[in-house]
1. What is the gain in length, in nm to one decimal, between residue 76 and residue 89 on full extension, counting 0.36 nm per residue of separation less the C-alpha to C-alpha distance?
2. Starting from the Cα-Cα distance between residue 97 and residue 29, subtract it from 0.36 nm times their residue separation and give me the gain in nm to one decimal.
3. Who wins for biggest fluctuation among 105, 88, 19 in a Gaussian network model of the chain, springs between alpha carbons below 10 Å?
4. Which of rounded, prolate or oblate describes the chain when judged by the alpha-carbon gyration tensor and an a/c cut-off of 1.5?
5. Taking the simple approach of a point 7 Å from Cα along Cα-to-Cβ for both residue 38 and residue 116, what is their distance in nm?
6. Full extension from residue 2 to residue 109: what is 0.36 nm times the residue separation minus their Cα-Cα distance, to one decimal in nm?
7. Considering only 107, 69, 12, give the residue with the highest GNM mean-square fluctuation for the chain, with springs between Cα atoms whenever their separation is below 10 Å.
8. What nm value, rounded to one decimal, do you get for the distance between residue 12 and residue 51 when each label is placed 7 Å out toward the C-beta?
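Just so it is clear, none of the values below were taken in a lab; they were calculated from the coordinates. In this text, all values refer to a predicted model and were calculated from it rather than measured experimentally. Note that each Cβ is placed from the backbone with ideal geometry, even for glycine, and that neighbours are counted across all protein chains shown.
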């Protein structure tokens, strides 16, 4: 009965060999010439110009949260649009109320200036 598992064992061994050997060869044969430029932290190719623990403006997070809210709105709209024939008027009215509440929130945020970026 164990001979039925032999191909699985061979596959696991080959996968381990093909996964470990390139990593080990890279670690052994790779050139190691560190300097200040290579070891410096960077983001997007630019050298760091401020402290990484600087404070972010709260509006950045507010815009991100608003994006997530309106993105989730679209997630609810697709299944609703597909099943609109089956759910009838009740489904239409409930989605209209949902969209109206989101519209009221959007208008409130707009009037408060949350979408303005300086």
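1. Result for the pair: 3.0 nm of gain on full extension.
2. Working: separation 68, 0.36 × 68 = 24.48 nm, distance 6.43 nm.
Between residue 97 and residue 29, full extension yields 18.1 nm more.
3. Looking only at 105, 88, 19, the biggest GNM fluctuation is shown by 19.
4. Oblate is the answer for the chain, as a/c is 1.5 or above yet b/c matches or exceeds a/b.
5. About 5.0 nm, to one decimal.
6. Working it through step by step, the gained length comes to 31.8 nm.
7. Its mean-square fluctuation being the largest, the pick is 12.
8. Between residue 12 and residue 51, the simple spin-label model gives 5.2 nm.
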